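The values are calculated or read from the model by the stated rules, or taken from the named source; none is laboratory data. These numbers come from a predicted model, not from an experiment. Note that each Cβ is placed from the backbone with ideal geometry, even for glycine, and that neighbours are counted across all protein chains shown. Heavy atoms of the whole protein, side chains included, go into the accessibility calculation; ligands, DNA and RNA do not. Shrake-Rupley method; radii C 1.70, N 1.55, O 1.52, S 1.80 Å.
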Amino acid sequence: MLQLSLRSALHQPGRTLFAVFAVAAVVAEILILEGFLAGSYTQLRRAVLDRGGEVIVAQAGVRNFLAARSILPQQTRAAVEAVPGVAAAAPLALLSFIYEQNGRLTPIIVVVADDAGGAARLAEGRAAAGSAEIVIDRALAQRFGLAPGDVMTLADYEFTVVGVAEDAAALFTPFAFIGFDGLIDFYFSSDVAADIAAFPLLSFLLVRTAPGADPAAVAAAIGAAVPDAAALLPRELAENDVGLGRELLAPVLNLLLALSYAAGALAIGLFTFAGVRSRRKSLGVLRALGFTTRHLVAGVIAEAIAVTVFAFPLGIALARGFAALVAAAIPVYLVEIGDPATLVRVAAAVLALSVIGALGPLRSLMRLDPAAAFRG
């Protein structure tokens, strides 16, 4: 029966190819949505893990790196560095701004770092060193046509772009990097000077532990010695931000995924039903030859599974092509295609959908009259 189903599919190559491309489009859509979620979570993890440090100290009660306001007193650094097991504590500040150029606006996060915490990967140029130097993410550079040597005006203060960072964005927001010398000049020479109390000088401390010290034990010691601060391991802080991302993104994208899976089942069902309708006479011949309804249903399911098996690699290729276009055109978004666990999960789901969709013409097969094969 399987051989008959495959021969029937090859007998109508146009319809079969159209079905393969339609199912591949559904597979690509599912993988793109899954990849967008996975990419967003990867960006949130990178935002924390790329800053470095074995322990990250934040304001007491703050459990997130992004989307949370953390302000530490200046004396916190000395208090943390006095804790046994701490080798050094590098300051870090996060500032949120709206960047405007020629009427176009975009939110950006300015990361202020000196000893550690700057851009982890540079695509062009170098790290910021002078007080009026800035490194920007590739998404920001591409959108506004900025390159090393150009002037970037932020809150009426002119920075010179000296580097372009790679993979420095999260929550659809590109990052920019400056030093603390630049932060002081920016505060007192820009439009934010009148409202400087609303901006932090110190948001986090990136703690480098002493050789042989256990980061978890050092974090606990910092929490006990500095009650106004919260000490977390970078992985823990990153997963807290991923949890925040799930709260923001998962409800909408999971609904879209559910609709995509439903569309996949519907597409497979429609093509299978149309195929059964177009082959009523040949199927009637099989009934007349003694094939039971169970045999016919098994053949239709086998054909639907075969279409899905051929469509899945094509769907992966389409999804990867789309991800490459997004990376080139809008690098602030990351679409990750190729995670083995995701591919296995989607493949299993699509194969299950192919079986469900193939059951659509079940009633038609059960009512098939063998005599139909011999009429006009």
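Could you grab me the full set of residues in segment 216-239 that are under 27 Å from residue 38 (Cβ atoms) and surrounded by 20 or more Cβ atoms within 10 Å (Cβ to Cβ)? If you could, list the steps in order and put the result at the bottom.
Initially, segment 216-239 is screened for residues under 27 Å from residue 38 (Cβ atoms), giving 232-239.
Once the filter is applied, which keeps residues that are under 27 Å from residue 38 (Cβ atoms) and surrounded by 20 or more Cβ atoms within 10 Å (Cβ to Cβ), segment 216-239 yields 232, 234, 237, 238.
Any residue at all in segment 101-108 that's modelled with pLDDT of 95 or more, under 25 Å from the mean Cα position of the chain (by Cα) and part of a strand (DSSP E or B)? Steps first, answer last, please.
Within segment 101-108, the first condition is being modelled with pLDDT of 95 or more, and the residues that meet it are none.
Among the residues of segment 101-108, not one is modelled with pLDDT of 95 or more, under 25 Å from the mean Cα position of the chain (by Cα) and part of a strand (DSSP E or B), which makes the answer no.
Mind checking which pairs have a first residue in segment 335-347 that is closer than 20 Å to residue 44 by Cα and a second that is open to solvent by 60 Å² or more (accessible area, probe 1.4 Å) and among the acidic types (Asp, Glu), Cβ under 9 Å, 6 or more apart or different chains?
Matching pairs, first to second residue: 342/336.
Out of all the residues in segment 86-100, which are open to solvent by 40 Å² or more (accessible area, probe 1.4 Å) and not hydrophobic (A, V, I, L, M, F, W, C)? Show your work before the answer.
Let us first name the residues in segment 86-100 that are open to solvent by 40 Å² or more (accessible area, probe 1.4 Å), namely 87, 96, 98, 100.
Listed by number, the residues that qualify are 96, 100.
One line per residue, one yes/no per condition, for (1) out of contact with any strand residue (DSSP E or B) (no Cβ under 6 Å at 6 or more places or on another chain); (2) open to solvent by less than 30 Å² (accessible area, probe 1.4 Å); (3) modelled with pLDDT of 75 or more:
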| position | (1), (2), (3) |
| --- | --- |
| 281 | yes, no, no |
| 331 | yes, yes, yes |
| 334 | yes, no, yes |
| 340 | yes, no, yes |
| 346 | yes, yes, yes |
| 360 | yes, no, no |
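Would you call residue 218 more than 30 Å from residue 328 (Cα to Cα) and either of a type outside the set (S, T, N, Q) or out of contact with any strand residue (DSSP E or B) (no Cβ under 8 Å at 6 or more places or on another chain) (or both)?
Values: more than 30 Å from residue 328 (Cα to Cα): yes; either of a type outside the set (S, T, N, Q) or out of contact with any strand residue (DSSP E or B) (no Cβ under 8 Å at 6 or more places or on another chain) (or both): yes.
For residue 218, the condition - more than 30 Å from residue 328 (Cα to Cα) and either of a type outside the set (S, T, N, Q) or out of contact with any strand residue (DSSP E or B) (no Cβ under 8 Å at 6 or more places or on another chain) (or both) - is met.
Among the strands (runs of 3 or more DSSP E) lying completely within segment 135-245, list those that include at least 3 residues that are in contact (Cβ under 8 Å) with a residue 12 or more places away in the chain and closer than 24 Å to residue 64 by Cα. Walk me through it before giving the result.
Working: elements: 151-154, 157-165, 173-178, 204-209, 229-232.
Answer list for segment 135-245: 173-178, 204-209, 229-232.
Keeping to segment 156-184, report how many residues are open to solvent by 30 Å² or more (accessible area, probe 1.4 Å) and closer than 30 Å to residue 248 by Cβ.
4
Residue 60: open to solvent by 20 Å² or more (accessible area, probe 1.4 Å), in contact with a strand residue (DSSP E or B) (Cβ under 7 Å, 6 or more places away or on another chain) and either of a type in the set (Phe, Trp, Tyr) or modelled with pLDDT of 90 or more (or both), yes or no? So that I can check it myself, show each step before the final result.
On the way: open to solvent by 20 Å² or more (accessible area, probe 1.4 Å): yes; in contact with a strand residue (DSSP E or B) (Cβ under 7 Å, 6 or more places away or on another chain): yes; either of a type in the set (Phe, Trp, Tyr) or modelled with pLDDT of 90 or more (or both): yes.
So residue 60 passes the test.
Yes/no matrix, rows are residues, columns are (1) more than 27 Å from the chain's Cα centre (by Cα); (2) more than 28 Å from residue 133 (Cβ to Cβ); (3) among the hydroxyl-bearing types (Ser, Thr, Tyr):
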residue: 34; (1), (2), (3): no, yes, no
residue: 40; (1), (2), (3): no, yes, yes
residue: 53; (1), (2), (3): no, no, no
residue: 66; (1), (2), (3): no, no, no
residue: 71; (1), (2), (3): yes, no, no
residue: 86; (1), (2), (3): yes, yes, no
residue: 113; (1), (2), (3): no, no, no
residue: 120; (1), (2), (3): no, no, no
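Among the numbered conditions (1) touching a helix residue (DSSP H, G or I) at 6+ places or on another chain (Cβ under 7 Å); (2) closer than 23 Å to residue 44 by Cα, tell me where residue 141 comes up short.
Going through the list (1) touching a helix residue (DSSP H, G or I) at 6+ places or on another chain (Cβ under 7 Å); (2) closer than 23 Å to residue 44 by Cα, residue 141 breaks only (1).
Testing residue 81 on (1) at pLDDT below 90; (2) out of contact with any Leu (no Cβ under 7 Å at 6 or more places or on another chain), one condition comes back false. Which one is that?
If we test residue 81 against (1) at pLDDT below 90; (2) out of contact with any Leu (no Cβ under 7 Å at 6 or more places or on another chain), just (1) comes out false.
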